[in-house]
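Chemist: Below is the structure I would like to discuss, written out as structure tokens.
The values are calculated or read from the model by the stated rules, or taken from the named source; none is laboratory data. Note that the coordinates shown come from a computational prediction; the quantities given were computed from them, not determined experimentally. With ideal geometry, Cβ positions are generated from the backbone for all residues, glycine too; neighbour counts draw on all protein chains shown.
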Amino acid sequence: MKDEDRIRIQHMIDASNEAFSFIEGITEENFSKNRMIILSVIKDIEIIGEAASRISDEIKIRNSDVPWQDIIGMRNRLIHGYFDVDIKLVWNTTKNNFLLTNSKLYFKLFMQRMNICGYFNTL
């Protein structure tokens, strides 16, 4: 894996962890009423999508279980449709979809690091 891809994946993981921390312990109702948290989570989703858009095609093809186009599409929707953001979709994406995607990315980085150390040759 190229350093640029590894760095971008780490950016995605970091931003999703940050978004999780913003919503930890709050309800969807409280989230929907707190503009500061909403904007913070949206910014993290934008970072995740921007990083995903810069991942090489080689990595995207070899890791087709990650919903790259959905991630990038969500970012584009938030950036260009800022005036009409579906807060429920932002909540559901953060609460439900990040966990699965984040765990896949963590695993891929772990495997890549093991490969660098000579344990595997998978990524």
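Chemist: Of a type in the set (Asp, Glu) and more than 15 Å from Leu105 (Cα to Cα): does that describe Asp44?
Modeler: Yes.
Chemist: If you don't mind, another one. Restricting to the stretch 1-28, name every residue that is among the aliphatic types (A, V, I, L, M) and either assigned to a helix (DSSP H, G or I) or touching a Gly at 6+ places or on another chain (Cβ under 8 Å) (or both).
Modeler: Ile7, Ile9, Met12, Ile13, Ala15, Ala19, Ile23
Chemist: Going by the conditions given, is Ile38 β-branched (Val, Ile, Thr), at pLDDT 95 or above and touching a helix residue (DSSP H, G or I) at 6+ places or on another chain (Cβ under 9 Å)?
Modeler: Answer is yes for this residue.
Chemist: From the list Glu18, Glu28, which one is among the acidic types (Asp, Glu), in contact (Cβ under 8 Å) with a residue 24 or more places away in the chain, surrounded by fewer than 16 Cβ atoms within 10 Å (Cβ to Cβ) and more than 22 Å from Asn76 (Cβ to Cβ)?
Modeler: Glu28
Chemist: Any idea which of Ile72, Ile38, Ile42 is within 12 Å of the chain's Cα centre (by Cα), farther than 18 Å from Met1 by Cβ and touching a residue at least 40 places away in the same chain (Cβ under 8 Å)?
Modeler: On inspection, the qualifying residue turns out to be Ile42.
Chemist: Going by what's in this entry, would Phe31 be described as touching a helix residue (DSSP H, G or I) at 6+ places or on another chain (Cβ under 6 Å), assigned to a helix (DSSP H, G or I), of a type outside the set (Asp, Glu) and modelled with pLDDT under 75?
Modeler: Judged against the criteria, Phe31 is not a match.
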